[in-house]
Amino acid sequence: MKDILYNCRKATFLIEKKNLTTISVREQVELKIHLAACSVCKLYQQQSSFINQMVKKHLVKEASQIGSLDNHFKEDLANKIKVKMADEDH
Amino acid sequence: MSVNQNQVVKETENIILAPAEWVNNYADFLYKYAVVRVNDDEIAKDLLQETFFSALKGISNFKGESSERTWLVAILKHKIIDHYRNASRMRSKSITNESTEDEFFEKGNGHWNRENRPTEFSSVSNELQEKEFALILKKCIKKMPALWSAVFTLKHIDEEETDYILQEMKISSANFWVIIHRSKLNLRACLQKNWL
């Protein structure tokens, strides 16, 4: 118990784990106590969630904003495929 | 009788592969799918090309259990994972400090060290600032050791199941959580340094 109270390494580890899966009841209690006393880790927790939120909002959905392939590349690729198809036929 | 015939036609329509139309029908979609995940235009184009070539070779393996597009996406996904694996193998040779235990915390007691203690980010209050923030975030992801950015991307961008990631990247569960922790510490610090 004393360990987690002062250990920010362990607290931040639990914050990340808790974001993605369930942590044990004991770990939940330890983390809660640590966060009540540690404003730096509280800030870390906020920033970590904010980063996750930005990843979801701007990186995951970004595909729609990426430009399409240029036509030159596409024609070239289509030709390569045709050549390969012809090879397979023989 | 005619109903039966229609069904057969429909079924064969589903399983027909038309490689000559692949570029037209799927190139943009697959390219975008890859770019988001590998964070690099040239690599994404290479993976796209390899995907089509592998698909051509594997045409006889196509069982028609999924649509043409789903089948191509599955092949591309394998290519992306291969790319992650190769990159982390290559780069981990040159990065010896991947496991430097503590650049963030004091050795004994696990307190934040002075240098890396989180402080408030500059504000991100509108859509434009968010986009700039996201841009720096992307650069920070790219700067991480390859295995870390691969695991981070698989979990946070692809939203893959943890078990799948362990299996594909051949890492232990303990190692996975260490990477998740370390990569977030790293990203946060990188953002604090570069988001001004």
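Bear in mind these aren't lab numbers, they're just calculated from the coordinates by the rules spelled out. Treat the numbers as computed from the prediction; the structure is a model and nothing was measured. Cβ sites come from the backbone with ideal geometry, for glycine too, and all protein chains shown count toward neighbours.
The table below gives the values:
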| quantity | calculated |
| --- | --- |
| Cα-based reach from B:K107 at 18 Å (exclusive), listing lysines while leaving out same-chain residues under 8 positions away | A:K2, A:K10 |
| Sequence-distant aspartates and glutamates (8 or more away, or on other chains) whose Cα lies within less than 18 Å of A:K84 | A:E75, A:D76, B:E21, B:D46, B:E50 |
| For the protein assembly as shown, Cys with no neighbouring Cys Cβ under 4.7 Å | A:C8 |
| Cα-based helix-to-principal-axis angle, A:39-54 vs chain A, degrees rounded to 10 | 20 degrees |
| Cβ-placed point charges (K, R +1; D, E -1), dipole of chain A about Cα centre in debye, nearest 20 | 760 debye |
| Per-peptide average of other Cβ atoms within 10 Å, ordering B:21-30, A:49-58, B:52-61 highest first | B:21-30, A:49-58, B:52-61 |
| Dipole magnitude of the protein assembly as shown, debye to nearest 20 (Cβ charges: Lys/Arg +1, Asp/Glu -1, about Cα centre) | 1160 debye |
